[in-house]
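Everything below concerns the one structure shown next.
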Amino acid sequence: MRSALSEGRAVRWTLIALGVGFLALFLVIPLLAVFSEALRRGMEPFLAAFDEPDTQSAIGLTLLVAAIAVPLNLVFGVAAAWAVAKFEFRGKSILVSLIDLPFSVSPVVAGLVYVLLFGAKGLLGPLMDDWQFKIIFAVPGIVLATIFVTFPFIARELIPLMQEQGTAEEEAALTLGASGWRTFLTVTLPNVRWALLYGVLLCNARAMGEFGAVSVVSGHIRGLTNTMPLHVEILYNEYNFVAAFAVASLLAGLALVTLGAKSVLEWRYGDGLARIHRH
Amino acid sequence: MSDAALSGWLPRVRKPSALPGFGLTLGFAVSYLSLIVLIPLAVLVARAGTLGLDGIWRVATTPRVLAALEVSFFISAAAALVNAVFGVIVAWVLVRYEFPGKRLLDAAVDLPFALPTAVAGIALAALYAENGWIGGLFVPFGIKIAFTPLGILVALIFIGLPFVVRTVQPVLQDFDREVEEASATLGATRRQTVFRVVLPSLTPALLTGVALAFARAVGEYGSVIFIAGNMPFVSEIAPLLIVTKLEEFDYAGAAAIATVMLAISFLALLAINGLQAFSRRRFGHA
């Protein structure tokens, strides 16, 4: 019997087939391809890719950059969320839109702005020369570009949640004599810890995987300014496909761990996280 | 002057609050935002400005730049349209139907957010090349996907997919089933209920998702350059041209293309915001 409230069997299965087929074609098969290409010639060449000193230094640099960029954006995210969610002030909505701005800027443009500032022919280029301090084609530039593209991740997870929670609990703690800092650590922070972790996960995944912005400022110096995604590109362009996909499979593994942790957080603490996530 | 008189006289910047730390946190947030994002972007616009408006226009209308801008914006729009159709189908299937593996697929939708773009780029290039698993299927029909504009389309569909699904899905989840019951009780067929009652109320969310997917696609670089072939006038995207200009140390030219891209995507987002406000009035849903 055909119900008036659901589609017929044929329509239902056609839609499921279309949806699943589309996701398989564009998401699942490409992911499988990364691992299959990496292991195409067996385990040995796959593992050999990680013995290369250049690969190891790329992994080290990627970890270093994420270890600087994520904590800085974490401090910013918490500070911005505290100011925006706990106080009413003029220009607040403008501030919130400006925090999202890096999401609508092309990663290439994110790299370009720092070249225009600190590059050899940039605004502060001569100054950097005098100080003997290299930013572009060096690690500081990579860190700056990574901070730019991952800028909004943590703030935008915290702001809606902290707005929803209001100020009553903090006011109670202050009335009972707690200091402002103690109130934050023992009242506010526990209330937002899952959203915070969620934001850190997404921020970290993007920081380790960023390609466009970093590519513009890095100069691709092997062993010095090559992050993992850039190293993937170099190996790929040298037709060293197995090694390229081996390094790529490490990044894909990171993406899978991120997705897994994200799903667990959503299933267990879904109510505590902001309801609609747009990235 | 008493405090009350003072606060009445000064413009009210913020409402009084018992909580501490306003000056510290706002000061830090605004300084950090200015140093990392606002000042560098201002320098970009200023650098393009040294060319003057006619100078920017001259750079933007050189045939190669014009072709790259066209490739970027048209293929991004096409990818956003494909995602609009399949994004709604995917969201519908994930919200309304039960089937094995559904939870896993739901989690997989976020893959493009988590997978580094360079990894996606080489994987798609390997798959959709003529000797790849998927590209090989199209060879008998004489269709080449990788290293043609079609390859760019594939990469941009990949990048934009989660934006549409993740904006439509929660709205569909919260959609009141009683409205559908009412429509059915009043004698509408299922098709009429879906197309005249359910889908119209998804329109604002769908437009938002499509706008986000489009904006992301226009600026996308990593996943595209591996599969595009990067032929000038055919499959060269605007962000790649910025990189090329930089490598030639043509900073002003790079800044000019970047400014034009920023301006066009800003206008597109503005137009879609207007459209969204219109459809919210028209269909009465947020």
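Picking from residues in the range A:48-89 that are of a type in the set (Ser, Thr, Tyr) and open to solvent by less than 30 Å² (accessible area, probe 1.4 Å), the one that is farthest from the chain's Cα centre (by Cα) is A:Thr55. Filtered by the rule that a residue be open to solvent by less than 30 Å² (accessible area, probe 1.4 Å) and not in a helix (DSSP H, G or I), the range A:165-218 gives A:Gly166, A:Ala178, A:Glu210, A:Phe211. Counting only helices (runs of 4 or more DSSP H) that sit wholly inside the range A:1-116, those with at least 3 residues that are within 16 Å of B:Val37 (Cβ to Cβ) and more than 10 Å from chain B (Cβ to nearest Cβ) are A:92-100. So which of B:Ser183, B:Ser265 is crowded, with 17+ Cβ neighbours inside 10 Å and farther than 30 Å from B:Phe147 by Cα? Going through B:Ser183, B:Ser265 in turn, just one is crowded, with 17+ Cβ neighbours inside 10 Å and farther than 30 Å from B:Phe147 by Cα: B:Ser183. Only residues that are free of Cβ contacts under 8 Å to residues at least 60 places away in the same chain, closer than 30 Å to A:Ala252 by Cβ and small (Gly, Ala, Ser) were counted across the range A:156-207, and they come to 1. Only residues that are at pLDDT 95 or above, open to solvent by 30 Å² or more (accessible area, probe 1.4 Å) and either over 20 Å from B:Gly209 (Cβ atoms) or more than 12 Å from chain A (Cβ to nearest Cβ) (or both) were counted across the range B:78-101, and they come to 2.
Only residues that are closer than 12 Å to A:Leu23 by Cα and without any contact (Cβ under 8 Å) to a residue 40 or more places away in the chain were counted across the range B:102-112, and they come to 6.
Exactly one residue among B:Leu41, B:Leu33, B:Leu104 is out of contact with any helix residue (DSSP H, G or I) (no Cβ under 7 Å at 6 or more places or on another chain) and either within 24 Å of B:Ala211 (Cα to Cα) or assigned to a helix (DSSP H, G or I) (or both), and that residue is B:Leu104.
With the requirement that a residue be closer than 20 Å to B:Ile264 by Cα, of a type in the set (A, V, I, L, M, F, W, C) and open to solvent by less than 20 Å² (accessible area, probe 1.4 Å), what does the range B:225-240 give you? Answer for the range B:225-240, where residues must be closer than 20 Å to B:Ile264 by Cα, of a type in the set (A, V, I, L, M, F, W, C) and open to solvent by less than 20 Å² (accessible area, probe 1.4 Å): B:Ile237, B:Ala238. Figure legend. Inter-residue proximity from the range B:162-189: first residues closer than 18 Å to B:Thr203 by Cβ and without any contact (Cβ under 8 Å) to a residue 40 or more places away in the chain, second residues part of a helix (DSSP H, G or I) and of a type in the set (Ser, Thr, Tyr), beta-carbon distance below 7 Å, spacing 6+ or different chains. Indicated pairs: B:Phe175/B:Ser201; B:Glu180/B:Thr193; B:Ser183/B:Thr193. Restricting to the range B:142-173, name every residue that is touching an Asp or Glu at 6+ places or on another chain (Cβ under 7 Å) and open to solvent by 10 Å² or more (accessible area, probe 1.4 Å). Hit for the range B:142-173 is B:Lys144, nothing else.
Would the range B:123-133 turn up any residue that is closer than 23 Å to A:Gly111 by Cα, small (Gly, Ala, Ser) and within 12 Å of chain A (Cβ to nearest Cβ)?
Step one: list which residues in the range B:123-133 are closer than 23 Å to A:Gly111 by Cα, which gives none.
Checked against the condition, which is being closer than 23 Å to A:Gly111 by Cα, small (Gly, Ala, Ser) and within 12 Å of chain A (Cβ to nearest Cβ), the range B:123-133 yields no hits at all.
For the criterion of being farther than 24 Å from A:Val65 by Cβ and in contact with a helix residue (DSSP H, G or I) (Cβ under 6 Å, 6 or more places away or on another chain), A:Val247 fails.
The values are calculated or read from the model by the stated rules, or taken from the named source; none is laboratory data. From a predicted model like this one, the values you see are computed outputs, not experimental measurements. No Cβ is skipped: glycine too gets one built from the backbone with ideal geometry, and neighbour counts run over all protein chains shown. In case anyone asks, the SASA skips ligands and DNA or RNA and just uses the protein heavy atoms, side chains included. Shrake-Rupley method; radii C 1.70, N 1.55, O 1.52, S 1.80 Å.
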